[in-house]
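This report concerns only the one structure given below.
The values are calculated or read from the model by the stated rules, or taken from the named source; none is laboratory data. Just so you know, these numbers come straight off a predicted model, no measurement behind them. Backbone-built Cβ (ideal geometry, glycine too); neighbour counts: all protein chains shown.
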Amino acid sequence: MNVLQVSMRDLIGERFNGYRLHLSLRERGHDARMLVLYREGHDPSVQGHPRWVGPLERGLYAAERISSLQGLLSPIALTFPMRDGFRRADLVHWHLVYPHYISVPLMPFLAGRRPTVWTIHDPWPTTGHCVHPSECERWRTGCGKCPDLKRNFTVWMDTTALLWKAKRAAFRRMAVTLVAPSRWIASRAEASPLIAHWPCHVIPPGLDLGTWCLLDRADCRGRLGIPPEARAIAFRMPSGQKQQVSKGIPWLKEALRRLGTERPIHLIVFEEKGHLAEFEGRFRIHELGWLTEVPRMAEAYTAADLFLMPSVAENAPTMALEAMACGTPVIASDTTGMPEMVRAPVAGLVVPLGDAEALAQATQRLLDDDGRRAAMGAEARRIVEAEHGYDRYVDRHLALYESVLARTAGTR
């Protein structure tokens, strides 16, 4: 089977953007290819675009933002049929392709040329402009009168009703098969007037259980300089105020201020550095930066007693799953796809979105209860082993590809 994975990038976000899936297909003997807007690695089976396409894409992104015609202007997808990977493909699988890699008006053009599978990593296909509408319900009726134009992807003028109608016009003229990483996003697709007519299959994310394995917790803590009597909390610190709000950092900081300090607490921070100066002296802070090496990430997750994810919205959060694979319980917001992943109160806890006091109390309870925390961590690992092994993840995709090809045989 020849499958073309399409995404914005290959290496950045490779855990969920199709690149790992692409490699697994090749390992199983399939003649697979990948097409990306920005090629960061040197894998010859991954095709990029000429150098001039990058500046064009960035210029179009700015133009779409200023004109508020988000996702409508890019012509880049017109070049796809000329690419060797597309011409040879039996089936094309889209991942992170919007809003300006494959523009909305050109989606029917591509989907009409090859059987197409589309993994929806967020609700953008169901809305006028935003990636996560949160509490807004206007996506059900056509958007317009948008309450938050600055929410990703930002538009300057309220063209959200126009953008919603543009998606409806395009999506009515195309047939794709959706992959939903969570039941939550699948239910959102089924409720959407824009994409409810497409078949949708839930395929939870997968992890290589040989790489994401249980490590010796004392050894991992020792490597980071965390003493046995201390407690350790891990979380992600994204860049930029908008991203930090979307990941719940303001509530997380407020919860940290409310934690007791009877015993030492260490903070293990992924990604951005320099945002926790106010806590120096109160906690010991380990800022790890952007880690790409899985062994180091697994070591950090294992060293933590808890992983906190108080995000506004997540579909199937990869970092929560990785922490669970390392036997670390997760505390997350009670919204979108997070409760489904955490399985509260089995492998962690969920708290009301934006409730810093509830987050602080849940964190304190688990930090003070070694037995409950250990039981949750063991159950978290069991869930990952039972439902999120990477071989099973690849098997599910191959079965879906075969069913799509069988269904579309002779129709193109």
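The table for this structure:
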{"read-out": "Sole residue being under 17 Å from ASP122 (Cα atoms), of a type outside the set (Asp, Glu) and in contact with a Phe, Trp or Tyr (Cβ under 9 Å, 6 or more places away or on another chain), chosen from LEU178, LEU149", "value": "LEU178"}
{"read-out": "Test: residue in the stretch 18-28 that is of a type outside the set (Asp, Glu), within 24 Å of the chain's Cα centre (by Cα) and farther than 20 Å from LEU4 by Cα", "value": "no"}
{"read-out": "Residue within the stretch 280-298 that is among the aromatic types (Phe, Trp, Tyr) and touching a residue at least 40 places away in the same chain (Cβ under 8 Å) present", "value": "no"}
{"read-out": "Subset of the stretch 229-251 (residues that are buried (at least 17 other Cβ atoms within 10 Å of the Cβ) and within 16 Å of the chain's Cα centre (by Cα))", "value": "PHE235, ARG236, MET237, PRO238, GLN244, SER246, LYS247, GLY248"}
{"read-out": "Residue list for the stretch 151-174, restricted to those being more than 18 Å from CYS136 (Cα to Cα), among the charged types (D, E, K, R) and in a loop (DSSP other than H, G, I, E, B)", "value": "ARG172, ARG173"}
{"read-out": "Every residue from the stretch 208-246 that is of a type in the set (Lys, Arg) and in contact with a strand residue (DSSP E or B) (Cβ under 6 Å, 6 or more places away or on another chain)", "value": "ARG231, ARG236"}
{"read-out": "Members of the stretch 103-115 that are touching a Leu at 6+ places or on another chain (Cβ under 7 Å) and outside any helix (DSSP H, G or I)", "value": "SER103, ARG114, PRO115"}
{"read-out": "One residue from MET1, MET8 being in contact with a Phe, Trp or Tyr (Cβ under 7 Å, 6 or more places away or on another chain), in contact (Cβ under 8 Å) with a residue 60 or more places away in the chain and in a loop (DSSP other than H, G, I, E, B)", "value": "MET1"}
{"read-out": "Number of the condition not met by GLY327 [criteria: (1) within 29 Å of GLN5 (Cβ to Cβ); (2) in contact with a Lys or Arg (Cβ under 6 Å, 6 or more places away or on another chain)]", "value": "(1)"}
{"read-out": "Which numbered condition PRO227 misses (of (1) in a loop (DSSP other than H, G, I, E, B); (2) touching a residue at least 40 places away in the same chain (Cβ under 8 Å); (3) within 30 Å of LEU367 (Cα to Cα); (4) not acidic (Asp, Glu))", "value": "(2)"}
{"read-out": "Matching residues in the stretch 153-181 - criterion: being in contact with a Ser or Thr (Cβ under 8 Å, 6 or more places away or on another chain) and among the polar types (S, T, N, Q)", "value": "THR159, THR160, THR177"}
{"read-out": "Filter result (among the basic types (Lys, Arg) and buried (at least 24 other Cβ atoms within 10 Å of the Cβ)) within the stretch 1-20", "value": "none"}
{"read-out": "Some residue of the stretch 388-408 being without any contact (Cβ under 8 Å) to a residue 40 or more places away in the chain, assigned to a loop (DSSP other than H, G, I, E, B) and not charged (D, E, K, R)", "value": "no"}
{"read-out": "Unmet requirement for THR119, which otherwise passes all of (1) over 20 Å from SER7 (Cβ atoms); (2) buried (at least 16 other Cβ atoms within 10 Å of the Cβ); (3) out of contact with any helix residue (DSSP H, G or I) (no Cβ under 7 Å at 6 or more places or on another chain)", "value": "(1)"}
{"read-out": "Inter-residue pairs, beta-carbon under 6 Å, first of a type in the set (Ser, Thr, Tyr) and in the stretch 54-71, second outside any helix (DSSP H, G or I), 6+ apart", "value": "TYR61/HIS100; SER68/VAL155; SER68/TRP156; SER68/MET157; SER68/THR159"}
{"read-out": "Set ARG365, ARG373: member being in the same structural domain as GLU271 (by TED's automatic domain parsing), touching an Asp or Glu at 6+ places or on another chain (Cβ under 7 Å) and within 26 Å of LEU267 (Cα to Cα)", "value": "ARG373"}
{"read-out": "Matching residues, the stretch 189-216, being in a helix (DSSP H, G or I), over 25 Å from LEU91 (Cα atoms) and under 19 Å from the mean Cα position of the chain (by Cα)", "value": "none"}
